[in-house]
Amino acid sequence: MNAAAKSSTRGARVGLVLFAVAAVAFVAIAWFLHNFHRVEREFDLPPRGEAAYNPLYALKKSLQADGIRVDSRQRLNLAAHALGARDTLLLYSDPRSLSPPEVDRVLDWVEAGGHLVVRTPGWRDGNNDVAIALFDELGVVLEGEEGSRECMPFQVEGEKPHVEFCGSQRFTFVEDEVPELAWGDLKNGYVYARQGWGEGHVDVLADFDFLTNGNAPGGLAGLFGGGGRGEGLREATHVALARQVLAPNYGDGAMHLVYAAQMPSLWRVVFTRGWMVWLPLALALCAWLWLRTQRFGPLRPAPAAERRSLLEHVRASGDLLFRYGKGAMLYVAVREAFLSRLRRRDPLAAALTGEAQADAIARRLQVAPSAVLQALQTPPSHDKPAFRDRISLLIKLRNQL
């Protein structure tokens, strides 16, 4: 009866504990669900594939989504990529890369109805004094570093006030050239101009930043103000401006997008994407340098001297014996060490005694017999030079055996 009561009490306790745990878990879950709710967030990942090296990739995909045939490539290559009568050619690459024969073929194609869109090389690129065959034919004159760098206001209905072409290299025309459309003035230079060329048109712009992919700041690059120049086609104002620039032959032919592959430098990639590795290593290096540098303040006490080695103890014991007239004991120990090795190396000489032994040792080691005979005799205790000479000679003879 008592055992049954104890078992019942134990079961009741277990049940109460389980109930308390379940109640606490229920209250915690209810509190969490009441105070927190799920939120979805989008993060811009670094571009991959063609989007990583093609600055016009977003423009290419936008045109394809609009039903326009797009030919995107890194080189002009007119032999392999023929230009149609109503096509549009956008040269994102530096116009200085065009050779005079290519310039003639492109302008002949524009005269037949094509649409050419080019940009100035940019004063940041240098070499502004180099002649540009295409611009010489079009009558375009670059302003150079002395030109205006002011931004141009651009307003789209329903959008916030916007500016374009900040810090871009502007241009003007020779006196007899009058553009159909122009953005800017003769005093400060133009940032955009459209020329009629036969049946076609040529558009010259100060830069193509509004046509690029744009880079959303992210990671360490965004932390330090990086992320590319502008937002590219991410902004609605840039989309509207791009549509106006491409308007002449839009929808009538193909779009040829010629770009120069822009691969970021290794150091930029390491700085922006490898900071999870180099930042901790840099902090660890700084901490190590801080520990190793000389500190200011009072001098630290000298470290405790280490205990003497066994050889130092042996030397001290020998000095003590020699100081108290026990040098004969040291000599006997050295002579016994010499004779012990002699018995192992030359048993015949070791078996001899007196002058015969000295002669045998002298012939073997090429020394004077008298010196060997003297070294084998115990020196007087008061004759310190003889003690040192005989011990040093015995050690030398022992090493030669």
Qualifying residues in the stretch 231-281 (those that are over 20 Å from L90 (Cα atoms) and polar (S, T, N, Q)) - the one modelled with the highest pLDDT: T272
Every residue from the stretch 55-112 that is under 19 Å from F208 (Cβ atoms), in contact with a Gly (Cβ under 8 Å, 6 or more places away or on another chain) and among the small types (G, A, S): A58
Unmet requirement for T378, which otherwise passes all of (1) among the β-branched types (V, I, T); (2) at pLDDT below 85; (3) more than 20 Å from G318 (Cβ to Cβ): (3)
T353, sole failed condition from (1) surrounded by fewer than 16 Cβ atoms within 10 Å (Cβ to Cβ); (2) more than 25 Å from G318 (Cβ to Cβ); (3) at pLDDT 85 or above: (3)
Residue in the stretch 372-391 that is nearest to the chain's Cα centre (by Cα), counting only those that are of a type outside the set (D, E, K, R) and surrounded by fewer than 16 Cβ atoms within 10 Å (Cβ to Cβ): P385
Scan of the stretch 161-191 for residues that are among the aliphatic types (A, V, I, L, M) and surrounded by 20 or more Cβ atoms within 10 Å (Cβ to Cβ), ordered by number: V191
Segments classed as helices (runs of 4 or more DSSP H), wholly inside the stretch 314-394, with at least 1 members that are basic (K, R): 327-345, 354-365
Boolean, G113 is under 20 Å from L246 (Cα atoms), touching a helix residue (DSSP H, G or I) at 6+ places or on another chain (Cβ under 6 Å) and touching a residue at least 40 places away in the same chain (Cβ under 8 Å): no
Residues located in the stretch 88-106, provided they are crowded, with 16+ Cβ neighbours inside 10 Å, out of contact with any Pro (no Cβ under 9 Å at 6 or more places or on another chain) and modelled with pLDDT under 90: S93, L98
Hits in the stretch 26-45 (condition: surrounded by 10 or more Cβ atoms within 10 Å (Cβ to Cβ) and within 30 Å of E231 (Cβ to Cβ)): D44
Only one of G15, G11, G84 that is of a type outside the set (K, R), outside any helix (DSSP H, G or I) and over 44 Å from the mean Cα position of the chain (by Cα): G84
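The values are calculated or read from the model by the stated rules, or taken from the named source; none is laboratory data. Quantities reported herein were computed from a predicted structural model and do not represent experimental measurements. When we count neighbours, we look across all protein chains shown, and the Cβ atoms used for this are built from the backbone with ideal geometry, even at glycine.
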